[in-house]
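First up is the structure itself, then whatever we jot down about it.
The values are calculated or read from the model by the stated rules, or taken from the named source; none is laboratory data. Remember, it's a predicted structure, so these values are computed and weren't measured experimentally. Here the Cβ positions follow ideal geometry from the backbone for every residue, glycine too, while neighbour counts run over all protein chains shown. Only protein heavy atoms, including side chains, enter the accessible area calculation; ligands, DNA and RNA are left aside. Shrake-Rupley method; radii C 1.70, N 1.55, O 1.52, S 1.80 Å.
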Amino acid sequence: AVPRTRILATGGASHNKKILQVLSDVFHAPVYTIDTANSACLGSAYRAIHGLVAEANVSLADVMKSAPEPRLAVTPTAGAEEV
């Protein structure tokens with residue numbers, strides 16, 4: 001089961017496991033990455049596509065079905081929420 005809260009990290013820092021671990025521990029959520037070039041622009045591109053097809057009653061969820069599947073990078077450290 002996919003947790004309700006998850007973080008999708010993109011850009012250069014998404015290649016640094018230590019930074020991702022801090023994000024995961026602070027927000028107590030798993031962090032995912034996408035192995036796609038220019039992934040930081042991906043969200044804007046999908047919103048633009050949605051804008052083009054919105055008149056045809058195509059939901060953003062339907063547009064996102066073609067997005068690459070995020071890969072789990074790190075999970076919260078046990079006990080981190082206590083700190």
- Query: Given the structure, is Thr77 modelled with pLDDT of 85 or more, part of a loop (DSSP other than H, G, I, E, B) and out of contact with any Cys (no Cβ under 7 Å at 6 or more places or on another chain)?
  - Reply: yes
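Identify the residue in the stretch 36-68 that is closer than 21 Å to Asn16 by Cβ and in a loop (DSSP other than H, G, I, E, B) and, among all such residues, is most open to solvent (accessible area, probe 1.4 Å). Give the derivation first.
Filtering the stretch 36-68 down to residues closer than 21 Å to Asn16 by Cβ leaves 36-43, 68.
If we keep only those that are in a loop (DSSP other than H, G, I, E, B) as well, we get 36-38, 68.
Values: Thr36: 52, Ala37: 84, Asn38: 126, Pro68: 48 Å².
In this case the residue turns out to be Asn38.
In the set Asp62, Asp35, Asp25, which member is touching a helix residue (DSSP H, G or I) at 6+ places or on another chain (Cβ under 8 Å), free of Cβ contacts under 8 Å to residues at least 60 places away in the same chain and not polar (S, T, N, Q)? Give the steps one after another, and end with the answer.
Details: Asp62 fails: touching a helix residue (DSSP H, G or I) at 6+ places or on another chain (Cβ under 8 Å); Asp35 fails: touching a helix residue (DSSP H, G or I) at 6+ places or on another chain (Cβ under 8 Å).
One residue alone meets the criteria, Asp25.
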- Note on the structure: The residue that is modelled with the lowest pLDDT, considering only those in the stretch 1-35 that are assigned to a loop (DSSP other than H, G, I, E, B) and surrounded by 11 or more Cβ atoms within 10 Å (Cβ to Cβ), is Gly11
- Item | Criterion violated by Ala73 - all others in (1) without any contact (Cβ under 8 Å) to a residue 60 or more places away in the chain; (2) open to solvent by less than 70 Å² (accessible area, probe 1.4 Å); (3) aliphatic (A, V, I, L, M) satisfied | (1)
